[in-house]
Amino acid sequence: MDRAVLFNRTVGSPAYPTDETELRDRAVRAFDRAFNPQSVARQLAAAMTTPDRTEDLRRLDLPTLVIHGAEDPVIAVSGGQATAEAIRGAELVVIDGMGHELPRPLWPTIAERIAALVARAQQRPRSTRSR
């Protein structure tokens, strides 16, 4: 639990700090769900060794929303910008004060953006939705 609190304080959202009690509760639930000490190391190794996917992203033709924290210390905002630029018609939303997480106070804003994306997807002609 201490490590989870420290991790969140390191990569979390400076403008939206999460209460320590909530962080500890999340850590307990995550531990109970699936404790695997090597998982973080594997995830980092995969992220560092994955080849550039820009060309794959350019082939996408679907409504896309890229949400990125302006204060994300793990992935620079330029990564979110590059992702959005690679996908035709993608919308990029950079949220001030947000780090590498989805803080509870921003859930309504994020949910609204996702709902708007779904609405845009439903407005597309049926033939382009099934590709």
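Throughout, read-outs are computed from the coordinates displayed, never taken from laboratory work. Remember, predicted model here, so these are calculated numbers, not experimental data. Cβ atoms come from the backbone with ideal geometry, glycine included; neighbour counts cover every protein chain shown.
Just checking, which of A45, A30, A34 is out of contact with any His (no Cβ under 9 Å at 6 or more places or on another chain), under 17 Å from L6 (Cβ atoms) and either of a type outside the set (D, E) or surrounded by 10 or more Cβ atoms within 10 Å (Cβ to Cβ) (or both)?
Numbers: A45 fails: under 17 Å from L6 (Cβ atoms); A34 fails: under 17 Å from L6 (Cβ atoms).
The match here is A30.
Within segment 4-21, restricting attention to residues that are part of a helix (DSSP H, G or I) and without any contact (Cβ under 8 Å) to a residue 24 or more places away in the chain, which residue is nearest to G69 (Cα to Cα)? If you could, list the steps in order and put the result at the bottom.
Restricting attention to segment 4-21, the residues satisfying the condition of being part of a helix (DSSP H, G or I) are 4-11, 20-21.
Those left that are additionally without any contact (Cβ under 8 Å) to a residue 24 or more places away in the chain: 5-7, 9, 20-21.
Details: V5: 19, L6: 19, F7: 16, R9: 15, E20: 21, T21: 23 Å.
Taking the candidates together, the pick is R9.
Scan segment 49-76 residue by residue and report those that are in a loop (DSSP other than H, G, I, E, B) and more than 25 Å from P17 (Cβ to Cβ).
Of all residues in segment 49-76, those in a loop (DSSP other than H, G, I, E, B) come to 50-53, 59-64, 70-76.
Passing the criteria: T50, P51, D52, R53, R59, L60, D61, L62, P63, T64.
Return only the number of the condition from (1) in contact with a strand residue (DSSP E or B) (Cβ under 9 Å, 6 or more places away or on another chain); (2) within 30 Å of M1 (Cα to Cα) that R120 does not satisfy.
(2)
Return the residue satisfying two criteria in turn: it lies in segment 77-106 and is assigned to a loop (DSSP other than H, G, I, E, B) and free of Cβ contacts under 8 Å to residues at least 40 places away in the same chain, and of such residues it is surrounded by the most Cβ atoms within 10 Å (Cβ to Cβ). Outline the logic, then answer.
Going residue by residue through segment 77-106, those that are assigned to a loop (DSSP other than H, G, I, E, B) are 87-90, 96-103.
The next check asks that each one be free of Cβ contacts under 8 Å to residues at least 40 places away in the same chain; those that pass are 87-90, 102.
On the way: I87: 21, R88: 12, G89: 11, A90: 17, L102: 14.
Result: I87.
Just to be sure, is E112 exposed (fewer than 14 other Cβ atoms within 10 Å of the Cβ), part of a helix (DSSP H, G or I) and among the charged types (D, E, K, R)? First the steps, then the outcome.
Details: exposed (fewer than 14 other Cβ atoms within 10 Å of the Cβ): yes; part of a helix (DSSP H, G or I): yes; among the charged types (D, E, K, R): yes.
It is true that E112 is exposed (fewer than 14 other Cβ atoms within 10 Å of the Cβ), part of a helix (DSSP H, G or I) and among the charged types (D, E, K, R).
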